[in-house]
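The values are calculated or read from the model by the stated rules, or taken from the named source; none is laboratory data. Keep in mind the model is a prediction, meaning the values are calculated, not measured. Note that we place each Cβ from the backbone using ideal geometry, even for glycine, and neighbour counts take in every protein chain shown. Quick note on the areas: whole protein, heavy atoms, side chains included, nothing else; ligands and nucleic acids left out. Shrake-Rupley method; radii C 1.70, N 1.55, O 1.52, S 1.80 Å.
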Amino acid sequence: MVKIKLYKLLSFIILLAMAAIVFFNQAWFSKQYDKMCSMYYIYKGDKAFKKLKLQKAIDYYSTALKLFPEHYSAWFNLGNIYVVYEDYYSAVDAYEQAFHYNPKMMIARMNYGIVSAEKLGDFDGAIEQYNEIIKTKRHLISIPFVYNNRRSYKANKGIAYYNMGVAYRQKSLYSGDDWRLQRQYLEKAKEAYKNAVKVLKKDYDARYNLALAYHLLGDYNNAGLTYCKAIQIAPMNYEAHYNLAILLRHLKYYTEALDELEKATMLITDSQGNSARQRYVFDVMNEVTRTILYDEEKDHMVDKLDNERVENLHVTYINGKLVASEALDKAILKNLRVCGSREIFLDRD
């Protein structure tokens with residue numbers, strides 16, 4: 001009997017203690033309850049997001065974040081949805097909340113920078129976030145054959161440098177007629193691109209934009225060599241061929257300029273058809289051709305493939321069309337990748 005009374009007394013004391021804990025920590029328990037409810041709404045939001053039911057996803061995420069605003073992944077997803085709806089101000093606000101609650105959420109900072117610069121013209125805000133990505137230190141984890149975050153960490157820095165270069169170049173375009181200010185921003189863009197290509201060694205866009213920055217700053221040797229590097233990385237992209245041709249024409253290397261213009265014209269024709277850009281390249285090519293003919297340099301049309309190689313590069317007749325063989329495709333690609341003017345810029349050093 002005594003044991004039963006002691007058991008009841010002990011149970012009463014425990015219940016009383018629990019009641020006291022709840023009473024004096026009501027805010028904490030209420031927050032935990034809200035957090036559990038929030039997780040349910042986030043689950044529903046994620047499910048709607050995957051099914052591209054975006055308005056439902058917004059409603060679920062918004063409800064969840066009212067209950068538990070610290071859920072940075074929900075803020076990030078909300079930002080991405082606002083971008084789809086072209087509500088860019090709401091998007092950057094959501095991304096800002098995401099990295100406010102998780103300062104090391106680099107993807108939220110990256111998206112904030114891209115939307116700020118590309119859609120809102122807030123170049124300084126974008127550059128600030130790219131700098132945060134670059135200077136944020138993360139623990140490098142490497143488990144052989146299992147996990148290695150070194151590559152993703154370096155890639156994020158490289159992309160941040162590249163995007164920073166784009167933002168500075170855009171700032172230079174909005175500097176009006178102030179060439180001093182334009183040059184200042186272009187120099188910063190160039191330095192950002194140089195840091196980017198140290199990491200993104202095989203990235204065409206980073207290399208091409210670095211070449212363009214050199215070109216605009218009047219550093220023609222480095223511009224030419226970097227255009228050539230971009231061509232080696234992605235020979236099927238016409239921009240580097242075309243800009244290199246413009247540079248060579250400026251330096252009065254007309255034969256080499258025409259060679260690059262022919263490649264650029266072929267690539268535009270293949271990818272874009274009869275566009276205004278294609279017609280413009282044709283006009284430039286005609287101008288260079290007239291200059292060459294005037295200078296009696298009439299050997300510029302010599303084929304790059306010698307007779308022996310041409311004989312071995314067969315074509316096939318399929319459904320009324322001539323289709324190049326694999327060997328010819330490889331030869332064309334090799335010809336596009338060759339930057340014949342590279343020696344010019346090496347000799348000018």
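Which of the following residues is small (Gly, Ala, Ser), over 26 Å from the mean Cα position of the chain (by Cα) and open to solvent by less than 20 Å² (accessible area, probe 1.4 Å): Ala117, Ala108, Ala57, Ala94? Before you say what the answer is, go through the steps one by one.
Working: Ala117 fails: over 26 Å from the mean Cα position of the chain (by Cα); Ala108 fails: over 26 Å from the mean Cα position of the chain (by Cα); Ala94 fails: over 26 Å from the mean Cα position of the chain (by Cα).
Only one candidate passes the filter, namely Ala57.
Restrict the check to region 63-80 and report whether at least one residue is among the aliphatic types (A, V, I, L, M), crowded, with 19+ Cβ neighbours inside 10 Å and closer than 21 Å to Ile114 by Cα.
Checked against the condition, which is being among the aliphatic types (A, V, I, L, M), crowded, with 19+ Cβ neighbours inside 10 Å and closer than 21 Å to Ile114 by Cα, region 63-80 yields at least one hit.
Residue under question is Tyr89, and the condition is that it be assigned to a helix (DSSP H, G or I), out of contact with any Lys or Arg (no Cβ under 7 Å at 6 or more places or on another chain) and in contact (Cβ under 8 Å) with a residue 24 or more places away in the chain; does it hold?
Yes: the conditions hold for Tyr89.
Among Tyr227, Tyr220, Tyr254, which is farther than 16 Å from Arg337 by Cα, surrounded by 18 or more Cβ atoms within 10 Å (Cβ to Cβ), touching a residue at least 40 places away in the same chain (Cβ under 8 Å) and not hydrophobic (A, V, I, L, M, F, W, C)?
Tyr254
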